[in-house]
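Asks: This structure is in structure tokens; I'll ask about it shortly.
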Amino acid sequence: MGVTLDANMGRYLSHVGNLPPDPALNRYPDENYAREVMQLFTIGLWELNQDGSYKVDSNGDQIPTYDNHAITELARVMTGLWFANNGWGIQIKQDHEHLVPMELFPTKHDFGEKKLLNGFIIPARTPSKANGMQDIRDAIRHLFEHPNCAPFISRSLIQFLITSNPTPAYVERISSIFSDNGKGVRGDLGAVVKGILMDPEARDPAIATSPEFGLFREPVIRTMHLAKLTKMNRSGDLVWWDYGNYFEDTLQMPMNSPTVFNFYRPDYSPPGSLNVAGLDGPAFEIANSYTLISAPNRFWEIADRGFRIGGRYHFAPSYVDFMPYLEDSDALLDYLNIVICAGGMGAQTRSIIKSNLAKTDISDAVEKARLAVYLVMMSPEGSVQR
């Protein structure tokens, strides 16, 4: 419900101000949010088994989870919502008003019967604010209880947190936790995330060495990792760094996905050995011949000078944590192997970085620490989480 009523989402996916259909006026509710709340937020495009594999019909074809009729009916549910504390049609005047959930206006809501998925029907109701909100609650609960919701959400979270190609058994174990946290509660995300992180497939060192395991870390995650390693903090104020051309350099920018489909597709398979093996590598979709050069250049700027705000550099990086290790390159690389590569740095990568640190004429301790952190962060083991 929180996402559906969020004022920013209402504007972004255009269901704010939705009116009931009126064929005489050729007026129909906007279907954008109705489509995406199914496709992206709850059940996906195709019916799934609990292990995330596709269900198929008697012809061996994948089975769609919904059709256009379901979108049209769900769009009717998403009518009558407008920004709270304003009259219908009056726009928000202050940014903080976007933090207030949208309000339902009964005279603008469709109270007729709606037929959703798998024979589920929202009955016609007497017009009132409470009944309009009940329509929305019923629809969201219907999607939440859909058999697809558990495997769809579970696999997506595993892909973001642990590995781009989880085994069906891994997905099924997490789907089971989503369906019931052990206390009869469905959709307990705390239990789901704990299950993902504590699963044997996430923690077994033998599995971590499998070529199918792991994920390519997206630029924003690596940027934040670098910022935390070098203590880039600035009082307790909430501030945005000046992104500048960060998007051009990385094809990512916080809170600014170019579309509702995120920066890359979850099932993207890059050309080459991954594609031949039938494996997904989602974040590779924004790694191209340009960003593979521009992103490391941007990371060096951040490692060297920090983040820009208002055209000036703030959040200056600190390398104090690395100073005790600078007299011994092996000790330094041991430490960086843990805090950046989770212990996975290979012998070849270590040898190359150690050789470069030895060859470089660096008299300043901070410069050596900065270079070491940067090289490890840009290494294959620093770029791929395993």
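Asks: Taking the radius of gyration and the Kirkwood hydrodynamic radius from Cα positions alone, what is the Rg/Rh ratio for the chain, to two decimal places? List each step's numbers first, then the result.
Replies: Values: Rg = 24.8 Å, Rh = 24.0 Å.
Using only Cα positions, Rg/Rh for the chain is 1.03.
Asks: Then there's this: Write down the Kirkwood hydrodynamic radius of segment 1-41, to one decimal in angstroms, obtained as one divided by the mean of 1/r over all alpha carbon pairs. Don't skip to the answer; put the middle values down first.
Replies: On the way: mean 1/r = 0.0919 Å⁻¹.
One over the average 1/r among Cα pairs gives 10.9 Å for segment 1-41.
Asks: On a 0 to 90° scale, report how tilted helix 291-305 is relative to the longest principal axis of the chain, with both axes built from alpha carbons and the result rounded to the nearest 10.
Replies: 70 degrees
Asks: Here is a further query. Consider all pairwise Cα distances in segment 107-266 and report the whole-number % of them above 25 Å. Let's see the in-between values first.
Replies: Numbers: 7051 of 12720 pairs.
Cα-Cα pairs of segment 107-266 separated by over 25 Å account for 55 percent.
Asks: Further question on the same structure: Between the helical axis of 329-339 and the dominant principal axis of the chain, each derived from Cα atoms, what acute angle in degrees is found, rounded to the nearest 10?
Replies: The answer is roughly 10 degrees.
Asks: Taking 8 Å as the Cα distance limit and 6 or more residues as the minimum spacing, I'd like the relative contact order of the chain as a percentage. Don't skip to the end; give the middle numbers.
Replies: On the way: 546 pairs, mean separation 47.5, N = 386.
Relative contact order, the chain: 12 percent.
Asks: Along the positive direction of the dipole of segment 216-385 (beta-carbon charges: Lys, Arg +1; Asp, Glu -1; about the Cα centre), which of Pro380, Pro296, Ser355 reaches farthest?
Replies: Selected residue: Pro296.
Asks: Just give me a number: lysine pairs in the chain, eight or more positions apart or cross-chain, with C-alpha atoms less than 19 Å apart.
Replies: Pairs that pass both the separation and distance tests number 7.
Asks: What's the percent breakdown of Cα-Cα distances in segment 276-325 across 10 Å bins, shortest bin first?
Replies: Per 10 Å bin, starting at 0, the Cα pair percentages come out as 20, 30, 29, 15, 5.
Asks: Does anyone have the angle between helix 365-378 and the longest principal axis of the chain? Alpha-carbon axes, 0 to 90°, nearest 10?
Replies: Result, in degrees: 50.
Asks: Regarding segment 246-386, what's the average projected area of the Cα-atom convex hull, expressed in nm²? Write down the numbers at each step before the final one.
Replies: Details: hull surface 41.6 nm².
Mean shadow area of the hull around the Cα atoms is 10.4 nm².
Asks: Can you order the peptides 291-300, 267-276 by their average number of other Cβ atoms within 10 Å per residue, highest first? Please report the intermediate quantities before stating the final value.
Replies: Working: 291-300: 16.0, 267-276: 13.1.
Taking the mean over residues of other Cβ atoms within 10 Å, the ranking is 291-300, 267-276.
Asks: So what is log10(I(q)/I(0)) for segment 21-63 at q = 0.18, 0.21, 0.34 1/Å, when the Debye sum runs over its Cα atoms only?
Replies: Normalising to I(0) and taking log10 leaves -0.66, -0.74, -1.06.
Asks: Right, here's the next one. Please express the Cα-Cα pair-distance distribution P(r) of segment 148-209 as a list of whole percents, one per 5 Å bin, running from 0 to the bin with the greatest distance.
Replies: 4, 21, 34, 24, 11, 4, 2, 0
Asks: While we're looking at this one, here's another question. Note down the nm distance, to one decimal, between modelled labels 7 Å out along Cα→Cβ at Arg137 and at Ala342.
Replies: Computed distance between label sites Arg137 and Ala342 equals 4.0 nm.
Asks: Right, another one. What is segment 181-339 by shape, rounded, prolate or oblate, if you read a ≥ b ≥ c off the alpha carbon gyration tensor as root eigenvalues and call it rounded for a/c under 1.5, prolate for a/b larger than b/c, and oblate otherwise?
Replies: Details: a/c = 1.41, a/b = 1.27, b/c = 1.11.
Rounded, because the longest to shortest axis ratio a/c is under 1.5.
Asks: Estimate the FRET efficiency between Glu248 and Ser318 by the formula 1/(1 + (r/R0)^6), using the beta-carbon distance for r and 35 Å for R0, to the nearest 0.05.
Replies: Working: r = 28 Å, r/R0 = 0.80.
Efficiency, rounded to the nearest 0.05: 0.80.
Asks: About the Cα centre of segment 1-110, how large is the charge dipole given +1 on each Lys and Arg Cβ and -1 on each Asp and Glu Cβ? Please answer in debye to the nearest 20. Walk me through the numbers before you get to the answer.
Replies: Details: 7 positive and 15 negative charges, 76 e Å.
Taking the Cα centre of segment 1-110 as origin, the dipole is about 360 debye.
Asks: How big is segment 1-87 by Rg and Dmax over its Cα atoms, in Å?
Replies: 15.8, 53
Asks: Another one. If Rh is defined by the Kirkwood formula over all Cα pairs and Rg also comes from Cα, what ratio Rg/Rh do you get for segment 93-173? Intermediate results must be reported in sequence, preceding the final value.
Replies: Numbers: Rg = 18.3 Å, Rh = 15.8 Å.
That ratio is 1.15, to two decimals.
Asks: Against the empirical 2.2 N^0.38 Å scaling, what ratio does the C-alpha Rg of segment 31-137 come to?
Replies: On the way: Rg = 17.2 Å, N = 107, 2.2 N^0.38 = 13.0 Å.
For segment 31-137, the normalised Cα radius of gyration comes out at 1.32.
Readers should treat all values here as calculations from the given coordinates under stated rules, not as data from a laboratory. All of these numbers come straight from a predicted model, not from anything done at the bench. Please note: Cβ atoms are built from the backbone with ideal geometry, for glycine as well, and neighbour counts cover all protein chains shown.
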